[in-house]
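Written out below as structure tokens is the structure these notes cover.
Quick note: the coordinates plus some simple rules give every number you see, no bench work behind them. Here the structure is a predicted model, which means the values were calculated and not measured. Positions of Cβ are generated from backbone atoms using ideal geometry, with glycine treated the same way; all protein chains shown enter the neighbour counts.
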Amino acid sequence: MFSNLAINTFRKTIIISSESRTYFDDPTYTEIVTSPAEEFMFAVGLSNIDLSSSQRYFDISLTNRTYTKNGTNTIKTTTTIPLTPCTIDKWSGVSDSIKSSYSKLSFSQWLCPPNGTVFPLQGKFTSNIFKFAQITVSKCTNNTLYPNTTCKNSTDISSFLTANGQFTFNFYFINPVINP
């Protein structure tokens, strides 16, 4: 076996192959659009809290953020996207089984982005251009982002936090990408 290998090497009859993999340190730009046609939608919820209520415990905000590095400076831009109570029509066309999930998970008490919302995604934190979406849960304030709603009084918020000790942030989404 060894002598055949040596002879084949000298005759140059041995075929050698190699493989090369390239990794990109700076992921390219892409967009995710929330709509039944794009088959993508997500919902945000807090356990034991009806987010569709006219009185809120917390503010939940969704922002598209872009960080552009220019030398030693980083320019940060944000676009706020209003979240509204989820309705079944925001999910229709995404999946046939969504009606049972909608009822079972009480999506009517969760918040969803409007159909047609575009989420630009690009790069990573160390890239020159980094685009991402951010969801924030913060102290309730009366502002124009939440029309027709008011904050619960501080006693109700304190009582809720004392009784529950904590709450769970829930995020449900339809992933149209199949990763084997």
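How much FRET efficiency would the formula 1/(1 + (r/R0)^6) give for residue 170 and residue 84, where r is the Cβ-Cβ distance and R0 is 22 Å, rounded to 0.05?
0.85
Pop a pseudo-label 7 angstrom from the Cα along the beta-carbon direction at both residue 100 and residue 76 and give the gap in nm to one decimal.
Going from the residue 100 label point to the residue 76 one covers 4.4 nm.
Just going by the charge dipole of the chain, with Lys and Arg at +1 and Asp and Glu at -1 on Cβ, which of 102, 128, 57 is farthest out on the positive end?
Selected residue: 128.
What ³J(HN,Hα) values, in whole Hz, does the Karplus curve 6.51 cos²θ - 1.76 cosθ + 1.60 give for the range 147-153 when θ = phi - 60°, with x put for Gly and Pro?
With the stated coefficients, the range 147-153 comes to x, 6, 9, 9, 7, 5, 6 Hz.
Which of 140, 119, 42 sits farthest toward the positive end of the charge dipole of the chain, with +1 on the Cβ of Lys and Arg and -1 on the Cβ of Asp and Glu?
After comparing all options, I get 119.
Using amide H atoms built in the peptide plane, which far-off residues or other-chain residues are under 5 Å from residue 117 H to H?
Result for residue 117 returns 34.
Provide the convex hull volume over Cα atoms per residue for the chain, in Å³.
So the per-residue hull volume is 262 Å³.
Treating cross-link reach as a plain straight distance, find the lysines whose alpha-carbon is under 26 Å from the alpha-carbon of residue 90, omitting any fewer than eight places away in the same chain.
Hits, sequence-local ones excluded: 99, 104, 131.
Please work out how much length the chain gains when fully extended from residue 149 to residue 35, using 0.36 nm per residue of separation minus the C-alpha to C-alpha distance, in nm with one decimal.
38.5 nm
Assuming R0 = 25 Å, what is the FRET efficiency of residue 66 and residue 139, from their Cβ-Cβ distance, to the nearest 0.05?
0.45
Let me have the relative contact order for the chain, percent, based on Cα pairs under 8 Å that are six or more residues apart.
The value is 33 percent.
What angle, in degrees between 0 and 90 and rounded to the nearest 10, separates the Cα long axis of helix 2-11 from the longest principal axis of the Cα atoms of the chain?
For helix 2-11, the angle is close to 90 degrees.
Taking H placed 1.01 Å from N in the peptide plane, check which residues at least 5 places from residue 81 or on another chain put their amide H under 5 Å from its amide H.
Amide H neighbours of residue 81, under 5 Å, 5+ apart: 62, 63, 64.
Please give the charge dipole size of the range 25-173, origin at the Cα centre, charges +1 on K and R Cβ atoms and -1 on D and E Cβ atoms. Round to the nearest 20 debye.
380
Can you give the Rg and Dmax of the range 96-169 based on its C-alpha atoms, in angstrom?
Radius of gyration, then largest Cα-Cα span, for the range 96-169: 17.5, 46 Å.
For residue 139, which lysines qualify as cross-link partners when the Cα separation must be under 18 Å and same-chain residues fewer than eight apart are set aside?
Cross-link targets: 152.
What's the angle, to the nearest 10 degrees (0 to 90), between helix 154-164's Cα axis and the longest principal axis of the chain?
50
Over the range 73-128, one equal point on each Cα, no solvent: what is log10 I(q)/I(0) by the Debye formula at q = 0.13, 0.23 Å⁻¹?
Values, matching the q order: -0.51, -0.94.
Around residue 93, which amide H atoms from residues at least 5 apart in sequence, or from another chain, sit under 5 Å from its own amide H, with H modelled in the peptide plane?
none
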